Each structure stands twice: as structure tokens, then as C-alpha cells.
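Novice: My structure is below; once you've seen it, I'll send some questions.
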There are 2 protein chains.
Amino acid sequence: MYFIHKASLYLLLSSFFFMSVVIIAPTRRTDHWKASFEKLYPNETLYTWPDVADPESVECALCWYHPEGSLLEFPNLKLVSSMGAGVDHLLKDPKLPAHLPVTRIVDELLTQSMNTFVMACLLHFHRRFFKYERDKKAKIWDIDTIPEIPIKVGILGIGALGMALAEKIKGIGIDVIGYSRNVKLHEQIPCYSGAEGLKQFLGQINVLVCLLPLTRETEGIINREMLMQLPEGSCLINVARGKHLVDDDLLWAMDNGRIAEAYLDVFHTEPLPKDHPFWERENVFISPHMASVTNPDAALPQVMENLHRIKNGLTLWHQVDVAAGY
Amino acid sequence: MYFIHKASLYLLLSSFFFMSVVIIAPTRRTDHWKASFEKLYPNETLYTWPDVADPESVECALCWYHPEGSLLEFPNLKLVSSMGAGVDHLLKDPKLPAHLPVTRIVDELLTQSMNTFVMACLLHFHRRFFKYERDKKAKIWDIDTIPEIPIKVGILGIGALGMALAEKIKGIGIDVIGYSRNVKLHEQIPCYSGAEGLKQFLGQINVLVCLLPLTRETEGIINREMLMQLPEGSCLINVARGKHLVDDDLLWAMDNGRIAEAYLDVFHTEPLPKDHPFWERENVFISPHMASVTNPDAALPQVMENLHRIKNGLTLWHQVDVAAGY
């Protein structure tokens, strides 16, 4: 007969029987997450905050813009995961329990989604779709304008997601370079870093794609000073966070022709307020933060694997450096 | 001292001194062709029809919708070349001298141009840009609609140009197959041919890209019967010739939801007449036959090389099978 300590027994049993996961995402649809979870883990429990019958059983929180302090409701939490690639919404919570590991989702479908969205934008610019759509309204058949704007794309914040995107862009015969805080090396994609590198990076591109993580250093980074370093008639694609961009500086740059077109998927306030000037601007494309939306079928196995890894002392997948902010 | 026959001497001299090329393209801008020719061949003469000072010196005609019979003005013509990839405009001339070889341009930049244009269209459809542009006008922030339409692309008339395009489409992670009259084999792109093959091809795609040559067999091929074989909400991209499409059948298919969006670069009559219903249709993208425009810097060396090859009895580049029509 073996002697088992009562607390150990509780832990053992709870890990088999009472484990649960909570989704805290009050601003998002979660029904497809719930459906995916029930399909993949029919014997486990997924709660949707704030309807949590047994907070003590919750070992993992899946978050998207969770209310500040809401994680404190779960005393046995072992893991906090973002529901997407970004973690700024997690790290900005001063009540984020400091001992908990934070992870994010790296999903091939999310990467694919980001790739097709950014390429849709840059080809829309390259092949003058705004112009042809305007011409159509006026029934104008213009064969004098050269049909292609020569482009060179720069990815600001080139990490795993950005590098995959850069390879696809290069694959369709379009020039592309990258910039990141830390030095990145790639055989085919020239990458820049540092203050001098940023100048060189901006000096040779006319399509700026923002894929940065949102940190104290990157907030408001796309401002007048940066936009001034692009040539006349450039294009901005922001698929990172609204707070990377100083909205008024973009409007200024569009007024003076520096920026010809902007493709914005993210905004300071979402939904974008009805009185925001972007709605009325010509040559601004607006989408409701859907450039890349995490697929729960791909994300949930990563989260459950990480929960398993924590319990077994293994290295986590896609863990966030909380101090660095990404 | 050598004896040289008078006629031979004339031929010898003419091939060095009096050779000229004529452009016959009354519906197109030709100034950039002229500039390119002067840069590349400063010692040769390029005429622009109908201003031809010395028709006898013309050995090569570069044509784009030349007027019927205009080639008969040049008694010493050795070569007729299209100014682009299509040759239907040449072959429809009943007065096309039967003894002359006909060639077309295969230009890497033209291929690149075709690739980016078709990808711009299919990504526009895939990522619902029409919808988001409409939503923007109404200041609608819709997060309930799934942001991507799943797509599988079919290239109707997959030849050299289409295969290059298919590889690029596949390269960005989008499913693609091809159809051609003759059996084509490709490691990664499934290709169909024959009547049964056409059915199989149409039965599995929802984006139809027309890249066919215009021949007696392909005129009007995109009709009600073909469109009926696509699923509800499909997309048509026509970058070949306007005459491939039965316009009324497209309108019918859009009315009943079979075709959700159409991207049309070519039309029965160009410029597209002001009273044509396509201008007023929602979800129809119109561009003025600019999907891929030949670059003279790439095209002219091909033409001049072919002229050299004719004179030296060598096999021509990109010669057209006049009987087959492409």
C-alpha cells in the first residue's frame, strides 16, 4: 500500500478530472472557439468569462483584451495565453500575476492569413486598383497612365511572421527588405537594425508594412518623422496595432502627398469611431482587425500542449519575454 | 576580283543599310516603342504606320490590331510579330501573307505583370475587399462575417504564361489547377484536358481565370453553360480577350448569384462603350486592357533576333502555329 499525501492526491485527481480552461475575450466572438474546444477536447471543460462555475479548476486562461485584474479570479492558474500573436493586451494589465508564464499563438493559418491580406493590399497599390475603381465610376478608360507603380516593400518589425511574409512577397517577384530591433540574418531578405539601419531601411522603400509588437518603444513610432523619410506617393499598411500610428501624422502625410494610400486593419479605438476622419478619406482602406484571425483548431492544441509542458517541466512553445514586451 | 550578281549585291547591301521595321498599331501608344528602338538600335530605322518613307526597306512588321490588308504595303516583309502574347488580331486578317512566319512576344516582365494583376484580383476576392470598401462608405465595422472566402483557382488555357502564374499562386499557399486543350503535365499543378476534363476542372474551382488564346473554338467559351458549372458565389477573372466571354451570360450569372465578382481587363469593344452595363455593375472591376503590357526593351531584342534567325535559316523563337491559331 502506498502513502499518498492528501494535497498530492487532490492535485493528481484535479489534473485528470477537474482541469478547465477559461476564455476571457469580452470584445470578441468566442462561439467558434467553444465549438472547436468541444470537438477537440470533449472530456475537458471550457468556460467563457464571466460565466465560470468552478474558478478553482481553471488552469489556463486564453485572453484577448481581458479586463484588468480578471485573472486574479483563478487561484490555480498555471498558464496565460494570448488568443493571437500579439500580447500587448495581456502585458498592459498591472495585475497580471508575475509568476505565470505568458505564451502566444503562432499558427500557420494565421501566418497564411497575414500573408494574403498584406499581399492583397500591396498588389492593390502596385496595380492602382483605387484609381481603376475611381475611373470606373466616371466611365474613364485611361491607357496613358503607366499601369504599375514600381514598389519596394519594407517590413517594420520583421520576426517569424514577417520573415514568412517577406519570403512570399519575394516569391512573387517583388523587392522586399526588413527592419527589426535585434539583428536578423536571412539569405535572401536584407534586414536592418539600429538607428542608422532604420534610416537606410526607410530610405529605399515605398511600401511600409507595420508588423511590430506594441511596446513602450514602438507606440507612436509611425509618425511625421518616420513618414517624412519615405518618398512621395508611398503606401502604408498597418496590420499590427492602431497605437503604432499617430493618426494625425498620417492625415498630414496624405494631405501633402507623402503617403498616397493607406491600408489600416487596426486602430487606436476599435470599432473605429464613426466620427474618425479615416472613414471619409479617399485612398484609405479600412478593415475591422481581421487581417489575420487565429484559427482555434490550430491554436487550442498549442495551448493544451503548453499546459502539458508546464506540468512536466518542459520548455514552453512561443513563450513571451514579459520584460521585453514581446 | 570577285563577280557579284547585281541582285545579290542589292540584298547584301540592303540587309546592312536599308533594313527597317514598321509598327502598325493605330489604337495604341507607340512612343515608348520608338524610344526603346532608338536606344537599342540607333543605326536602324523604325517607321510608325502609316508614315513609312521607304516601304521596300521594311523587313519586319510589329503589329497590334493592324488594319486589314495593311501588311500588303511591304513587298519585302520577312517576319510579322505581334506586339504582345496574343496573335488573334493578326490571324483574323484574311490578307495576312500566307508565306510569312508569325511570332509573338514572350517577355518575362509581361509574365510578371500578368502574375501580379491576376493575384491582385484573386486576393481582392479572397479577402473581401469589395465588401470592406462598401462597409467603409457606410461606416460599418463588421466582425461577424468570416474575413476570408475559401478559394480554389482554375486557369483556363494553361500554357507557358498560365503555368508561371499557377506556380506563383501555389507559392502563396492557394490551391490552383489548370485546363488546356492539349494534355499538360506538371509535378505540382494538376492539369486537365478534353471535354470530361473540363467538367472535372470546373466542378472543383470557385475562381476562374481565363488565359486562353482567342480562336474559333474559344470564342464565347465563357457562357451560361460554363458558368453554371461553377458553385454559387464564384469569381471570374478575364485577362485574355473580351470575345471569350458572352457578356449577357455573365450579367445573368451575376444576377442569380452564381458569379459574385468579376474582374475584367478585356472587352468585346475597347475602349468599353460608355453605355455598356458593366460600368454600372457593383462587384465588377474594370481595367483598360493593362493586365500585362509588353515592355519594348524586352520585346524588341526578340524581334530583331528572329529577323536574324530568318536570314540565317535558324528556328524562330515563339513562332505561332497559324493553323491552330496560337
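The values are calculated or read from the model by the stated rules, or taken from the named source; none is laboratory data. Every value quoted in this text rests on a predicted model; they were computed, and no experiment measured them. Positions of Cβ are generated from backbone atoms using ideal geometry, with glycine treated the same way; all protein chains shown enter the neighbour counts. Just the protein is used for accessible areas: all its heavy atoms, side chains included, with ligands, DNA and RNA removed. Shrake-Rupley method; radii C 1.70, N 1.55, O 1.52, S 1.80 Å.
Novice: Counting other Cβ atoms within 10 Å, keep those with at most 10, restrict to DSSP loop, and tell me which trypsin sites (Lys or Arg not before Pro) in segment B:229-291 are left.
Specialist: Here the trypsin sites (Lys or Arg not before Pro) that fit, given the DSSP loop and packing criteria, are B:Lys274.
Novice: Another one. Among B:Glu187, B:Glu196, B:Glu59, which one moves the most in a GNM of chain B with springs linking Cα atoms closer than 10 Å?
Specialist: Among B:Glu187, B:Glu196, B:Glu59, the largest mean-square fluctuation in the Gaussian network model of chain B belongs to B:Glu187.
Novice: Okay, moving on. Give me the percent of the accessible area of segment B:105-236 that comes from carbon and sulfur atoms, probe 1.4 Å, all protein chains in place.
Specialist: Accessible surface attributable to carbon and sulfur in segment B:105-236 totals 53 percent.
Novice: A further question follows. If you put a point 7 Å past Cα along the Cβ direction, how far is that point for B:Asp297 from the same point in each other copy, in nm, smallest first?
Specialist: Label point to label point, same position, other copies: 4.7 nm.
Novice: In whole Hz, with x marking every Gly and Pro, tabulate ³J(HN,Hα) for segment A:57-70 from phi via Karplus 6.51 cos²θ - 1.76 cosθ + 1.60, θ = phi - 60°.
Specialist: Result, rounded to whole Hz: 7, 6, 9, 9, 10, 9, 10, 9, 6, 5, x, 3, x, 5.
Novice: Please arrange A:Asp93, B:Asp175 by accessible surface area, largest first, computed with a 1.4 Å probe and ligands excluded.
Specialist: Of A:Asp93, B:Asp175, the descending order of accessible area is B:Asp175, A:Asp93.
Novice: Follow-up question, since we're still on this one. How long are the three semi-axes of the equivalent ellipsoid of segment A:22-175, in whole Å, if each is the root of 5 times an eigenvalue of the C-alpha gyration tensor, listed from largest down?
Specialist: 43, 18, 15
Novice: Each label point is 7 Å from the Cα along the Cα-to-Cβ direction; what then is the distance between the points at A:Lys311 and B:Glu196, in nm?
Specialist: 5.4 nm
Novice: Return the value, in Å² to the nearest 100, of accessible area buried between chains B and A (probe 1.4 Å, both sides summed).
Specialist: That pair hides around 4500 Å² of surface in total.
Novice: Nm distances between the label at A:Lys34 and the same-position labels in the remaining copies, 7 Å along Cα→Cβ, shortest first?
Specialist: Spacings between copies for this position, smallest first, are 7.1 nm.
Novice: What distance in nm lies between label points placed 7 Å from Cα along the C-beta direction at B:Val322 and A:Lys137?
Specialist: In this crude spin-label approximation the distance works out to 5.0 nm.
Novice: Ok, one more. So which residue of B has the beta-carbon closest to the axis that swings B onto A, and how many whole Å away?
Specialist: B:Gly171, 2
Novice: Averaged over its residues, how many other protein chain Cβ atoms are within 10 Å of peptide A:121-129's Cβ atoms?
Specialist: Mean shielding by partner chains, rounded to a whole number: 6.
Novice: In addition: Mind listing P(r) for the protein assembly as shown? All alpha-carbon pairs, 20 Å bins, whole percents.
Specialist: 16, 42, 29, 10, 3, 0, 0
Novice: May I pose another question? How much accessible surface area, in Å² rounded to 10, belongs to the heavy atoms of B:Phe18 with a 1.4 Å probe?
Specialist: Surface accessible to solvent at B:Phe18 totals approximately 110 Å².
Novice: Next question. If you wrap a convex hull around the alpha carbons of segment B:142-230, what volume per residue comes out, as a whole number of Å³?
Specialist: 119 Å³
Novice: Once the Cβ-Cβ distance between A:Ala53 and A:Lys274 is put in as r, and R0 is 35 Å, what FRET efficiency do you end up with, to the nearest 0.05?
Specialist: Efficiency at R0 = 35 Å is approximately 0.35.
Novice: Now, a different point. Give the Cα extents of chain B along the principal axes, in whole Å, largest first.
Specialist: Result for chain B: principal-axis Cα extents of 90, 41, 34 Å.
Novice: Counting other Cβ atoms within 10 Å of each Cβ, which GluC sites (Glu not before Pro) in segment B:225-326 have at most 10 and sit in a DSSP loop?
Specialist: Listed in order of number, the matching sites are B:Glu232, B:Glu282.
Novice: Oh, and also: Mind checking the log10 I(q)/I(0) for segment B:234-326 at q = 0.11, 0.15, 0.16, 0.25 Å⁻¹? Debye, one equal scatterer per Cα, no solvent, two decimals.
Specialist: Taken in order of the listed q values, log10 I(q)/I(0) reads -0.50, -0.72, -0.77, -1.27.
Novice: Sticking with this structure for a sec: Please list the non-local residues whose amide H lies under 5 Å from the amide H of A:Ile23, H modeled 1.01 Å from N, same-chain partners needing a gap of 5 or more.
Specialist: A:Tyr47, A:Thr48, A:Trp49, A:Leu62
Novice: Continuing with this model, one more query. How large is log10 I(q)/I(0) at q = 0.18, 0.19, 0.24 Å⁻¹ when the Debye formula is applied to the Cα atoms of segment A:27-106, each weighted equally and without solvent?
Specialist: One equal scatterer on each Cα of segment A:27-106 leads to -0.77, -0.87, -1.39.
Novice: Please report, for B:Gly313, the nm distances (one decimal) from its label point, 7 Å out from Cα along the beta-carbon direction, to the equivalent points in the remaining copies, shortest first.
Specialist: For B:Gly313, the inter-copy label distances come out at 8.5 nm.
Novice: Let me confirm one metric for peptide B:113-120, namely the mean number of other chain beta-carbon atoms within 10 Å of its residues' beta-carbons.
Specialist: So the per-residue partner count for this stretch is 5.
Novice: Another one. Under a Cβ-Cβ cut-off of 10 Å, what is the net charge of the residues other than B:Met83 that fall near it, where Lys and Arg count +1 and Asp and Glu count -1?
Specialist: Spelling it out: positives minus negatives among the neighbours equals +2.
Novice: Mind telling me which of B:Ile205, B:Ile140, B:Ile174 comes out most flexible in a GNM of chain B, alpha-carbon contacts under 10 Å?
Specialist: B:Ile140
Novice: Mind ranking A:76-83, A:318-325 by how tightly packed they are, going by the mean number of other C-beta atoms within 10 angstrom, highest first?
Specialist: Output ranking for A:76-83, A:318-325: A:76-83, A:318-325.
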